[in-house]
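Peer 1: The structure that follows is given in the form of structure tokens.
Since every read-out is calculated from the coordinates, none of them should be taken as a lab result. Everything numeric here is computed off the predicted structure, so don't read it as measured data. We place every Cβ from the backbone using ideal geometry, glycine too, and count neighbours over all the protein chains shown.
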Amino acid sequence: MNTPTGEAAERAGVSSTAVPKRQLKGAWKHIKRDKYLYLLLVPVMAYYFIFKYAPMLGEIIAFKDYRFADGIWGSKWAGFKHFERLFTSPDFFNVLKNTLLLNVYGIVFAFPVPIVLAILLNEVRIEWYKRTIQNLLYIPHFISWVVLGGIVIALLSPSTGIVNTVIKAFGIEPVYFMASNFWWPVMFILSGIWQSAGWGTILYLAAMAGIDPQLYEAAKIDGASKLRRIWHITLPGIRSTIAILLILRVGQMMDVGFEQIFILQNKAVYQVSNVISTYVYHVGLEGSQYSYTTALGLFQSIIGLILIISVNKIIKAMGENGLW
């Protein structure tokens, strides 16, 4: 029986203040019953509070001329001075363009790869072969970008790299992949796919495991080919998972990350590889311009929030379940 609330509670002769008390009492009863399970939440909540919410107080630095000697609260108020400097800086528009372009390339070329891999693996019926391929795909995810970046640079070296060795064997001049403004973004996206695509297939394979096998059997009896079964059963079955991961991916449009860019970056391709994260590192940490880069970080967070809310609304308007 539903608990009466508001006007319904008054009509039923129940005090409106009694309803919240009853709900609170019920919640406390559940907490006491499952206290050890709720204790498991404490480290997670502490992590998010200490490392995610508490640092948000530091955003006030963006509105001050921050000095170590004066501290956050003692530094002089600067208003929107650092934002004005940010939006009039040619460097800012270059790093913003690079950040957005690399993310667009990632969504267009990298985002579909785990979906394709998951579909292919789902169709494999030889278990030992399937497990072997899965393990080979997952391994790069557990290797640091310091190591992976070194492997990528070594493979693409114009003098000793295996890729250019093969190219030279065909009588073609070696290609300076990591020093070319054209080839560097291509190698960045490909190396990112190599590192993360295998791990991303786990989510889609898990979603596929929830599809009713009888749907495939019925389609098979009706004469549907394998491609039609994938199109009409597998893809619709994982559509909600794709939608949620797409929302999260678009929410990161203003953040390429740091490790991969920093390891693969060099001065020859600075024009196309300098993104917000590396710009903050060079200007903020190396150049000690904390207020300026905090203003950039605040702008980055606000745009990311707007994007994730907008895409979530679009996805829900299309009939899918969003993040909320």
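Peer 1: What residues qualify as long-range amide H neighbours of Lys64, i.e. H under 5 Å apart, gap of 5 or more or another chain, H built at 1.01 Å from N?
Peer 2: Ala78
Peer 1: Near Val280, within a Cβ-to-Cβ distance under 15 Å, what is the net charge of the other residues, with Lys and Arg +1 and Asp and Glu -1?
Peer 2: Numbers: positive: Arg85; negative: Glu59, Asp91, Asp255, Glu259, Glu286.
Charge balance in the 15 Å sphere: -4.
Peer 1: Pairs of Cα atoms under 8 Å, at least six residues apart: use those to get the relative contact order of the chain, whole percent. Could the numbers behind the result be given before it?
Peer 2: Numbers: 287 pairs, mean separation 74.7, N = 324.
Contact order relative to length: 23 percent.
Peer 1: Given 0.36 nm per residue, what is the gain on full extension from Leu101 to Ala317 after removing their alpha carbon distance, in nm? Intermediate values should be presented prior to the final figure.
Peer 2: Working: separation 216, 0.36 × 216 = 77.76 nm, distance 2.65 nm.
Here the answer is 75.1 nm.
Peer 1: Now for a separate question. With the cut-off at 26 Å, report for segment 162-291 the share of all Cα pairs above it, as a whole percent. Please list the in-between numbers first.
Peer 2: Working: 4265 of 8385 pairs.
Summing the P(r) of segment 162-291 above 26 Å gives 51 percent of all pairs.
Peer 1: Suppose R0 equals 30 Å; then what is the FRET efficiency for Ala169 and Arg249 from their Cβ-Cβ distance, rounded to the nearest 0.05?
Peer 2: 0.20
Peer 1: Using the count of nearby Cβ atoms within 10 Å as a rough guide to exposure, how do Thr165, Thr88 rank from fewest to most? Could you put the intermediate results ahead of the total?
Peer 2: Numbers: Thr165 14, Thr88 9.
Sorted ascending by nearby Cβ count, the order is Thr88, Thr165.
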